[in-house]
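To start, the structure itself, in structure tokens.
Each reported figure results from applying straightforward, stated rules to the coordinates on display, with no laboratory input. Since the structure is predicted, the reported quantities are computational estimates derived from the model, not experimental observations. Neighbour counts run over all protein chains shown; Cβ positions are idealised from the backbone, glycine included.
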Amino acid sequence: MSSPLEEVCAEVLKRVTPTATEKKKVLSLAKRLVEKVQEGAEEKGVEAEVRVEGSVAKNTWLRDCPEIDVFMRVPTSMPREAFGTVCLEIAKKATEGYRQIERFAEHPYLEAVTGDNVWVNVVPCYRVKRGGWISATDRTPFHTDYVKPLLDEQKSREVRLLKRFMKGVGVYGAEIKVGGFSGYLCELLVLNYGSFVEVLRSAADWKEGTTIDYERHYERKDDAKKLFQEPLVMVDPVDKKRNVAAAVRKEKLYEFIAASRAFLETPDQKFFYPPQTEALKQTELINKINSRGSVIVFISFEACPAVPDVLWGQLYRSQRALRKLIQRHDFTVLRDAVWSNEKNFNTFIFEVENRFLTNMKRHLGPPLRKREDCEKFLQKHAGAESKVSEPRVEGERWIVDKQRRYTDVVELLKEKLRDGGANVGLAEYVSKAVSESLKVMVNDEALNLYSGSPEFAKFLTEYLEGKPRWLVCV
């Protein structure tokens, strides 16, 4: 008799495993794309070796979201300028008629979507010998050649389960927006631990700094830990100086650990296919916000002229800068987040304890044992216009009550961001967009944003509810 865990996995496998007909269709499309890219390269006079890489090449793609990665391996003699322009032109011509999205990692590449909703990536890389990497994508063909012989049909099924689980709990994808687990990392985890369930059982006990070295490149794990500083380390089997898990952010690592524990305790298909979020009605939203007792500040701006990968990097950098700005002026940040539709709507969310602070703040001076520091403190603060009271001795140190420059977090943000906020650390593209279209709103003042975007409404609903969609035990 099957256990609940085995039953759930069996049902999910039926949903994620492509049928023979679907496999034939995807492989046929991949073959046509290779031919088109090859033709385009020949027309441009580029001697390219064109191959299918990624999940389709390794038979680990998910039935509901096939993704074809076509790589152009070009000679090392091609200049980097042409690498990012000529190859992009070839990719665009090969995917004419598809919806095209220009992406950027270390260099430009093209993402396209067919009419049948099949995602295609056309990516250039250099034809190098192992270890002679010129661009970040040069390793990918070596990854494919390494993994394919090790993944039999059973292992492929285990990888599909792990990928779908990670998608369901929101930790799948190494792109900057997600900061999660790549497909290659999923494959290596299954190879290392043997199965989907064993990956979860091991992950349930992971700690920050967990290091996995499948090929045993390092005699001691401490040697790898000295080289890699990321929260999770998976030494790349084809390049011992690379961490396959470098993109995994700390919060995504911990989310995966928590989800693994919860699933093993209470197996459920909701971990793989969480229920869709139903946005709160406007009255429910207002009540939810008011019941928190905190203040939610929305910093909204319009179009940001950057491709998605660059945009998200700049959004996260700007988020960190804004958090520091708010905290530096004594406002307590309880929680913060960022959302974007990657087109014309971006917003930062900062939840603070209070919108307003008292006019006065207590400023600690040096202890009396530091005589010279005390003299400098008195010279600076005695008679200063910013003080509320003269310096005094409390216990073993000098104290002075100072007047705050900003007592309203909204006033602080409007003033500091009026010119775009580059001087407080906002990234270039974000700063330009902020200077042209900044709006700072508090609590229900953001109702227009909420009603104007169903996707943002779902995001804010999930933010306010807090509970992960996959959590079924409470």
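Taken over the stretch 1-124, the alpha-carbon convex hull comes to 120 cubic angstrom per residue.
Straightening the chain between LEU264 and GLU411 buys 48.1 nm, computed as 0.36 nm per residue apart minus the Cα-Cα spacing.
Helix 80-94 and the longest principal axis of the Cα set of the chain meet at an angle near 60°. With neighbour counts taken as other beta-carbon atoms within 10 Å, the residues TRP312, TRP470 rank, fewest first, as TRP312, TRP470. Note on LYS467 and LYS25: their simple-model spin labels are 3.7 nm apart, each label 7 Å out from Cα toward Cβ. On a 0 to 90° scale, report how tilted helix 4-16 is relative to the longest principal axis of the chain, with both axes built from alpha carbons and the result rounded to the nearest 10. The angle comes out near 70 degrees. To make sure I understand the rule: partners must be aspartates and glutamates, Cα under 17 Å from the Cα of LYS370, and not fewer than 8 residues away in the same chain. Which ones qualify? Cα-Cα hits under 17 Å: GLU394, GLU396.
Within the stretch 116-215, the trypsin sites (Lys or Arg not before Pro) that combine a DSSP coil assignment with at most 10 other C-beta atoms in a 10 angstrom radius are LYS129, LYS207.
Counting only lysines at least 8 places from LYS458 when in the same chain, those with an alpha carbon closer than 21 Å to its own are LYS167, LYS177, LYS252, LYS270, LYS281, LYS288, LYS343, LYS439, LYS467. Put the Cα centre of the stretch 387-448 next to the Cα centre of the stretch 165-197 and the gap is 39 Å.
Ranking of MET360, MET166 by neighbouring Cβ atoms within 10 Å, starting from the fewest: MET360, MET166. Counting every other Cβ atom within 10 Å of each residue's Cβ, THR266, THR60 order from fewest to most as THR266, THR60. Place a label point 7 angstrom from the Cα of ASN290 along the Cα-to-Cβ direction, then list the residues of the stretch 404-448 whose backbone nitrogen is under 18 Å away. Those under the cut-off are 442-448. As a calculated quantity, the FRET efficiency between GLU390 and ASP444 at R0 = 51 Å, using C-beta atoms, amounts to about 0.75.
Restricted to Cα atoms, the chain shows a radius of gyration and a Dmax of 26.6, 84 angstrom. With a simple spin-label model that places each label point 7 Å from the Cα along the Cα-to-Cβ direction, the separation between GLU175 and GLU455 comes to 1.0 nm. Relative to one another, the C-alpha centroids of the stretch 28-100 and the stretch 233-305 are positioned 32 Å apart.
For the stretch 390-401, the Karplus equation 6.51 cos²θ - 1.76 cosθ + 1.60, evaluated at θ = phi - 60°, returns couplings of 6, x, 9, 9, 10, x, 10, 9, 7, 9, 9, 8 Hz by residue, with Gly and Pro reported as x.
Residues of the stretch 136-174 with the amide nitrogen closer than 19 Å to a label point 7 Å from the Cα of THR277, along Cα-to-Cβ, please. Only 166-173 pass the distance filter.
Compared with the dominant principal axis of the Cα atoms in the chain, helix 428-437 is inclined by about 60°.
Would you mind classifying the stretch 360-403 by shape? Square roots of the alpha carbon gyration tensor eigenvalues, ordered a ≥ b ≥ c; an a/c under 1.5 is rounded, otherwise it is prolate if a/b is larger than b/c and oblate if not. It is oblate, given that a/c is not under 1.5 and a/b is not larger than b/c. Residues whose amide H comes within less than 5 Å of that of PHE104, counting only those at least five positions distant or on another chain, are TYR109, ASP309, VAL310 (H built at 1.01 Å from N in the peptide plane).
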